[in-house]
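The values are calculated or read from the model by the stated rules, or taken from the named source; none is laboratory data. Remember, predicted model here, so these are calculated numbers, not experimental data. Cβ: placed from backbone, ideal geometry, glycine included. Neighbour counts: every protein chain shown. Note: accessible area is taken over every heavy atom of the protein model, side chains too, but ligands, DNA and RNA are not part of it. Shrake-Rupley method; radii C 1.70, N 1.55, O 1.52, S 1.80 Å.
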Amino acid sequence: NYTTDTKSREENKKTIESLHTLSVDIKKIRRLKEWVLLQDVAYVKEIAGILQEMGADKTAVANILERCPEAILHTPAEINSQRALWQLVCQNEHQLIKLIEQFPESFFTTEYHENQKANILFFQELGLKNNIITRFLTSAPSIFYNPVEKNKNVIDTLQRSYLSLGGSDANMKIWILKLLSQNPFILLNTSTAIQENLEFLQKNGFTDHEVLQLLSKLKGFIFQLTPTTMQKSMLFSQNVFKCSDQELKQLVLKCPALLYYSVPVLEERLEGLLKEGISVAQIRETPMVLELTTQIVQYRIKKLSALGYDIKTGTLESLNGTKKDFEVNYGKIQSKKERPIFNPVAPVNIED
C-alpha cells in the first residue's frame with residue numbers, strides 16, 4: 001500500500017536521479033503518477049537491470065518506466081518471480097520483453113502472484129494454447145486475479161450447461177475452449193448468473209438447441225447480461241417490429257444483437273436508420289443492420305449513394321457485415337456499374 005498524499009511529502013531525490021540517468025521523462029511521471037516519486041524506497045536501477053537482462057534496450061526501459069512508473073516500487077524478487085511465471089507461457093525472453101513493452105501494467109501487477117500461477121497452470125491443463133493464455137494475461141489480466149477455484153466453478157457450470165442443452169461429450173472441450181478464446185471475461189461472472197440467463201432463454205420459448213446456437217453466436221457475451229436487460233430489449237424489439245412471440249424469437253436467432261444491446265443503444269441505431277429513409281419493414285427483413293453503429297451506417301450509405309445505389313429501394317444486405325464484407329459488396333456494385341453493356345448483335349462501327 002503506497003500513500004497518495006502529495007501535500008506533505010517531498011520527491012525522493014535518489015529516485016529522480018536514477019530515472020534521469022535512464023533518460024526517463026520525469027515530467028510525464030509527475031503529471032500522471034507523481035505519488036510514485038514520493039515513496040521512500042524505490043528499486044529503479046534493479047528493475048531497469050532486470051529489463052535489460054531480458055533484452056530491453058535503453059529506449060524500451062525508459063518507455064516502460066514512463067508508462068508504468070509503479071514498476072520501480074516492486075522488489076527485484078517480486079519481478080523475477082513474475083518473470084519466471086510469464087515464461088511458463090512465453091516462447092522466449094524476446095517475446096516476453098515485447099509483451100512487457102506493450103502491456104507493462106499487466107506484467108507489473110504482482111499482488112495476485114499465487115492466483116496468477118494457479119490459473120495459468122489450470123488453463124494449460126484445460127487445453128488452452130500458450131499464445132491464447134498470453135493474450136489473456138495482457139488483455140484480460142483480471143481473470144487471473146480470481147482464486148483458481150472460482151474459475152474452475154464457472155467452467156464446471158458451463159460444461160454442465162452445455163451437456164444439459166444437448167451438447168455432446170465429444171464436442172464439449174472444443175466448445176469451452178472456443179468460448180473462452182472469444183470472451184475470457186465470462187470467467188468474471190458467477191455460476192448463479194450463468195444459470196439464471198440460460199433459464200430466462202428457456203422460459204422465453206427458446207429450445208435447448210436454439211439456446212446453444214445463441215451461446216455460440218453471442219461468443220459468451222450473453223453471460224454478461226441479466227434477465228432484466230434481456231427482457232427489456234426483447235420487449236422493445238417486439239413493439240418496434242409489431243411481431244408475435246414466435247416471430248420475435250426468430251428475429252433474435254437471426255440477430256442476437258436484439259438480445260445483447262440495451263434499449264438506449266437499439267433506440268439510437270433504429271433512429272439513425274429511419275433518418276436515412278430506411279423503413280421498419282426493411283430493418284425487420286435484415287435486423288443484422290442493428291449490429292452496426294449509426295456512424296458506420298451513415299458512412300456506408302454515403303459510399304453506396306455515390307455509386308447511385310438507393311438504399312431505400314434496395315436491400316440492406318449491402319450494408320451488413322464486417323468492414324471486409326462491406327468492401328467486397330461495394331466492389332461488386334462498383335464493377336457492375338462500371339462494366340459497359342455489351343450487345344452481341346449490335347453493328348460494329350469501323351472508321352476508316
>> Let me confirm something: among Val41, Val61, which residue is of a type in the set (Val, Ile, Thr) and in a loop (DSSP other than H, G, I, E, B)?
In response: Val41
> Residues of the stretch 185-230 being of a type in the set (A, V, I, L, M, F, W, C) and open to solvent by 60 Å² or more (accessible area, probe 1.4 Å), which ones?
Replying inline: Phe185, Leu188, Phe221
> If you scan the stretch 169-181, which residues turn out to be open to solvent by 50 Å² or more (accessible area, probe 1.4 Å) and small (Gly, Ala, Ser)?
Replying inline: Ala170
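Yes/no matrix, rows are residues, columns are (1) surrounded by 13 or more Cβ atoms within 10 Å (Cβ to Cβ); (2) of a type outside the set (Asp, Glu); (3) part of a loop (DSSP other than H, G, I, E, B):
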| residue | (1), (2), (3) |
| --- | --- |
| Pro264 | no, yes, no |
| Arg269 | yes, yes, no |
| Leu273 | yes, yes, no |
| Gly277 | no, yes, yes |
| Leu290 | yes, yes, no |
| Lys302 | no, yes, no |
| Asp310 | no, no, yes |
| Gly314 | yes, yes, yes |
> Which of the residues spanning the stretch 141-164 are under 22 Å from the mean Cα position of the chain (by Cα) and surrounded by fewer than 16 Cβ atoms within 10 Å (Cβ to Cβ)?
Replying inline: Ser142, Tyr145
> Restricting the stretch 141-180 to residues that are free of Cβ contacts under 8 Å to residues at least 40 places away in the same chain, among the small types (Gly, Ala, Ser) and assigned to a helix (DSSP H, G or I), which is farthest from Gln116 (Cα to Cα)?
Replying inline: Ala170
>> For the structure I just gave you, tell me whether Leu32 is within 30 Å of the chain's Cα centre (by Cα), assigned to a helix (DSSP H, G or I) and free of Cβ contacts under 8 Å to residues at least 60 places away in the same chain.
In response: yes
> Out of the residues in the stretch 189-211 that are at pLDDT 90 or above and among the aliphatic types (A, V, I, L, M), which is farthest from Gln124 (Cα to Cα)?
Replying inline: Leu201
>> Can you say whether Ser279 is touching a helix residue (DSSP H, G or I) at 6+ places or on another chain (Cβ under 7 Å) and farther than 20 Å from Thr322 by Cα, as far as the supplied structure shows?
In response: no
> So how many residues does the stretch 271-297 have that are under 24 Å from the mean Cα position of the chain (by Cα) and touching a residue at least 24 places away in the same chain (Cβ under 8 Å)?
Replying inline: 9
> Val280 versus (1) at pLDDT 90 or above; (2) over 30 Å from Gly205 (Cα atoms): which is the lone unmet condition?
Replying inline: (2)
>> Give me the helices (runs of 4 or more DSSP H) completely within the stretch 64-136, filtered to those with at least 1 residues that are more than 19 Å from Pro147 (Cα to Cα) and open to solvent by 10 Å² or more (accessible area, probe 1.4 Å), ordered by residue number.
In response: 76-86, 93-102, 104-107
> What is the residue count in the stretch 231-258 for residues that are more than 18 Å from Asn320 (Cα to Cα), open to solvent by less than 70 Å² (accessible area, probe 1.4 Å) and in contact (Cβ under 8 Å) with a residue 24 or more places away in the chain?
Replying inline: 8
> What number of residues within the stretch 181-191 satisfy the criterion of being part of a helix (DSSP H, G or I) and out of contact with any helix residue (DSSP H, G or I) (no Cβ under 6 Å at 6 or more places or on another chain)?
Replying inline: 3
> Is at least one residue of the stretch 236-247 β-branched (Val, Ile, Thr), over 15 Å from Leu158 (Cα atoms) and over 22 Å from the mean Cα position of the chain (by Cα)?
Replying inline: yes
>> Contact list please: Cβ distance under 6 Å, first residue in the stretch 58-82 and without any contact (Cβ under 8 Å) to a residue 40 or more places away in the chain and over 15 Å from Ser106 (Cα atoms), second residue assigned to a helix (DSSP H, G or I) and not charged (D, E, K, R), pairs at least six apart or on different chains.
In response: Val61/Ala48; Val61/Leu51
